[in-house]
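All of the numbers you see were taken from the coordinates with simple rules; none came from a lab. Every value quoted in this text rests on a predicted model; they were computed, and no experiment measured them. With ideal geometry, Cβ positions are generated from the backbone for all residues, glycine too; neighbour counts draw on all protein chains shown.
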Amino acid sequence: MELHLVNIKAAHNGDVGLALDDSTGLAALGFLIEEMSGNETASPASWKTLTDNLASITLKDHSADIAAGLSLDDLLSGVDRTKYYRYHGSLTTPTCNEAVVWTVFKESIKVSKDLIDLFSTMVHVGNSTSSELMTLNFRGVQPAQPVTTQASGSSKTCFSLGLLALCLLIWSA
């Protein structure tokens, strides 16, 4: 599973149209989420708080008010945010505008399997419960992009074949 935090460039004053016309108009932070291993303790309490609200947002365009006290910092617990990959890319949803500077963090967020499973068993992609569940929703391979990584204070660039995963494999060795 992935968590994307999409932000608009301050110079665009909240105007999404302007941001979509700018190749660096949006910044997205990407975090991979993976199942905790058997020797790790329980998920951060923040993920339990977040998933407790899923019943209110099972359909497209639904929203829920989350009680004060839940922060992004809590959800990103344990992730070293100084180690990442960066590349120019696009939105992951239609119209897939090439207007995003992506930062994908090397370390994943660890969450228990039961909480991860709630996202794929409760959340639908459409406006009705008959629409498909939010599973296997990804784009195909895109053209090659230069990918920059931060490691030990230096910057390295590799050229992937459109798969950030390829770069991840190269640099994790």
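Quick notes on this one:
- Full-extension gain in nm, Asp73 to Met36, via 0.36 nm per residue minus C-alpha separation: 11.5 nm
- Between Lys60 and Lys113, the modelled label-to-label distance comes to 3.2 nm, taking each label 7 Å out from Cα in the direction of the beta carbon.
- Where trypsin sites (Lys or Arg not before Pro) fall in DSSP loop in the range 52-129, at most 14 other Cβ within 10 Å: Lys60, Arg81, Lys83
- Computed over the range 1-114, the ratio Rg/Rh where both radii use C-alpha atoms and Rh is Kirkwood: 1.00
- Residue-wise HN-Hα coupling along the range 88-101, computed from phi with Karplus coefficients 6.51, -1.76, 1.60 (Hz; x: Gly, Pro): 8, x, 10, 5, 8, 10, x, 9, 6, 4, 7, 9, 10, 8
- Table column - 3J(HN,Hα) (Hz), the range 126-143, Karplus curve with 6.51, -1.76, 1.60, x for Gly and Pro: x, 8, 9, 5, 7, 6, 5, 6, 6, 9, 6, 9, 9, 8, x, 4, 9, x
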